[in-house]
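Just below is one structure, and these are the notes that go with it.
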Amino acid sequence: VGLRITANRFSSFSIPILAGAIIDVAGLAMGFYVTATLIAAGSVCTALYAWCTPSIKHAYGRN
């Protein structure tokens, strides 16, 4: 639980700073697209990691 809360707090702190830096460099409209792309890529990486992890496959019945 502590690790999850730490990750959530770190994300709450770092994502606005990162998004602001991207918007400053790329412009307002493009900044939203870049930020959305980075978040989507992170989601895909997390899903692939979960899909390839044997303990998760075993827990949810995928062999």
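Read the figures in this text as sums done on the coordinates, not as results from a lab. Keep in mind that what you see is a predicted model, and the values were worked out from it rather than measured. All Cβ positions, even for glycine, are placed from backbone atoms using ideal geometry, and neighbour counts span all protein chains on display.
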Considering residues of the stretch 28-52 that are farther than 15 Å from residue 16 by Cα and over 18 Å from the mean Cα position of the chain (by Cα) only, the residue surrounded by the fewest Cβ atoms within 10 Å (Cβ to Cβ): 29
Find the helices (runs of 4 or more DSSP H) located wholly in the chain whose residues include 3 or more that are in contact with a helix residue (DSSP H, G or I) (Cβ under 8 Å, 6 or more places away or on another chain), and list them. 2-26, 28-52
